[in-house]
Amino acid sequence: MAWCGLIGMPLGHSFSPKLHSMLADYDYRLIPLEEKSLPVFLQTEDFLGLNVTIPYKQTVIPLLDELSPEAERIGAVNTILRLPNGRLRGYNTDYDGFVHLLRASGLDVRGKKVLVLGTGGASRPVRCALEDQGAGEIVSISRTGPDNYETLSRHRDARILVNTTPVGMYPGNGASPLSLDAFPELEGVLDLIYNPQRTALVLQALDRGLPALGGLIMLAFQALRAAEIFTGRAIDEARGAEAAARLAREVENWVLIGMPGCGKSTIAAALARRTGREVLDADALVEQAAGRSIPEIFAAEGEAGFRARESAVLARIGRESGKILATGGGAVTQPKNRDFLRQNGRLIFLERDLALLPTAGRPVSQATAPEALYARRAPLYRAWADVTVQNDAPADAVAERILEVL
């Protein structure tokens, strides 16, 4: 029986199977392929249709029998259909996806200078879409061309920036292709990367108060157009928006922050019981990695040693998707931890009456009165949090309260 799938190398934690299952009813597979295997695979496998990702969007073109007009114009293919006569036809649905991403961002590119980072296959539909949307000067930044990362000072007047490179993509979370400090007139940032949902580049923009979006909406709408090609049927655009929103909810982490002893681990367990999500408890993972308890770590390495261990754990678990993360009370004292947690997460400040906070086994709480500790940390909890929830009821009731908010 004919099937559909995604080819590329590497594929990592692709969301494509989940997304296509929301849009249509066909068997969808992930097929990591070495370049040398492409010709034989395309000639011999019994697929109905394929999506194509990095690094084969241009490589596949000579192996196809024909191209759609938009794929020919763009010079890159991300969708392949096997026609009834057996011939392979290439399409590019990334164009449609990027137009929807641009629309969702609210950014107006008309007459404005746009920097496109990257010159590979992913950049081509972006340039075509920007041209069709009336952008002014469109400059492609590459590693070796005349416009490169060493000559960015020529483009300080850029108003919109679009990243089409894989820099910052899972598992390379935290990397950014450049600093936005170089662009004082910047109005917004779009990043085609969707895992993590908020790359380091997107987080830079958000910290500056600029509109910024990752590529999840683009992923959903290029998939919708591909599904239409595979099935030969039109699909309502509302299903694409619904699929993007649903996928975003499913893959985001729920991150609990708050004072030591405020109930983060207890509420995380209650949320897990109701949803089936896995809980990752930062303190427990620090102890597991160190092979000793937190009081023992403090005694041997001091708070600085503990915080370094904690940040290493948060950097690792912050890259996960669809988990419940219970953090230590002092995680907010290290600014770098914020980006680790919000790249894929919604942060929930769990508040509890200070008189109810235990101190046993908690070195910082024993050394500092809860009132003084709260005075220092409460502004950080509030600044980091997307939502605040009171832990003043049984755990299951508080968990239900959180689910209603989310």
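No lab work stands behind these numbers, since they all come straight from the coordinates. Please read these numbers as outputs of a predicted model, since none were measured by experiment. When we count neighbours, we look across all protein chains shown, and the Cβ atoms used for this are built from the backbone with ideal geometry, even at glycine.
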Next item on the list: Would you count, across the chain, every pair of lysines whose alpha carbons are under 26 angstrom apart, provided the pair is eight or more residues apart or spans two chains?
Entry: 6
Item checked: Burial order of peptide ranges 118-128, 294-304 (average beta-carbon count within 10 Å, highest first) -> 118-128, 294-304
Next item on the list: Could you tell me whether region 243-338 comes out rounded, prolate or oblate from its Cα gyration tensor? Rule is a ≥ b ≥ c as square roots of the eigenvalues, rounded for a/c under 1.5, then prolate if a/b exceeds b/c, otherwise oblate.
Entry: prolate
Item checked: Test item: Cα-centred dipole of region 95-218, Lys/Arg +1 and Asp/Glu -1 on Cβ, debye -> 60
Margin query: Within region 321-364, list the residues whose amide N lies under 13 Å from a label point set 7 Å along Cα→Cβ of T388.
Written below: 348-353
Check: Under unit Cβ charges (Lys, Arg +1; Asp, Glu -1), what dipole magnitude, rounded to 20 debye, does the chain have relative to its Cα centre?
Finding: 340
Checklist line | Dipole-positive endmost among T144, V126, Q390 within the chain (Cβ charges, Cα centre) | finding: Q390
Next item on the list: Please sort 271-282, 26-37 by packing, taking for each peptide the average over its residues of neighbouring beta carbons within 10 angstrom, highest first.
Entry: 271-282, 26-37
Next item on the list: Mind giving me the nanometre distance, one decimal, between the label points for D236 and R249, set 7 Å out from Cα along Cα→Cβ?
Entry: 1.7
Next item on the list: Determine the shape class of region 95-218: with a ≥ b ≥ c the square roots of the Cα gyration tensor eigenvalues, call it rounded for a/c under 1.5, and otherwise prolate if a/b is greater than b/c, oblate otherwise.
Entry: rounded
Next item on the list: Return the Rg/Rh value of region 281-389, two decimal places, where both radii are evaluated on C-alpha atoms and Rh is the Kirkwood radius.
Entry: 0.94
Next item on the list: Between L356 and E137, with labels modelled 7 Å along Cα→Cβ, what's the label distance in nm to one decimal, could you check?
Entry: 6.0
Item checked: Listed residues L23, G75, A360: farthest to the positive end of the dipole of the chain (Cβ charges) -> A360
Margin query: Whole percent per 20 Å bin, from 0 to the bin with the longest distance: what is P(r) over all C-alpha pairs of the chain?
Written below: 25, 49, 24, 2
Margin query: If I model a spin label as a point 7 Å beyond the Cα along the Cα-Cβ vector, how far apart are those points for A312 and R103 in nm?
Written below: 4.8
Checklist line | Cα-centred dipole magnitude for region 252-405, charges only on beta-carbon of K, R (+1) and D, E (-1), debye, nearest 20 | finding: 320
Check: Which FRET efficiency, nearest 0.05, do N148 and S21 yield, Cβ-Cβ r, R0 60 Å?
Finding: 0.90
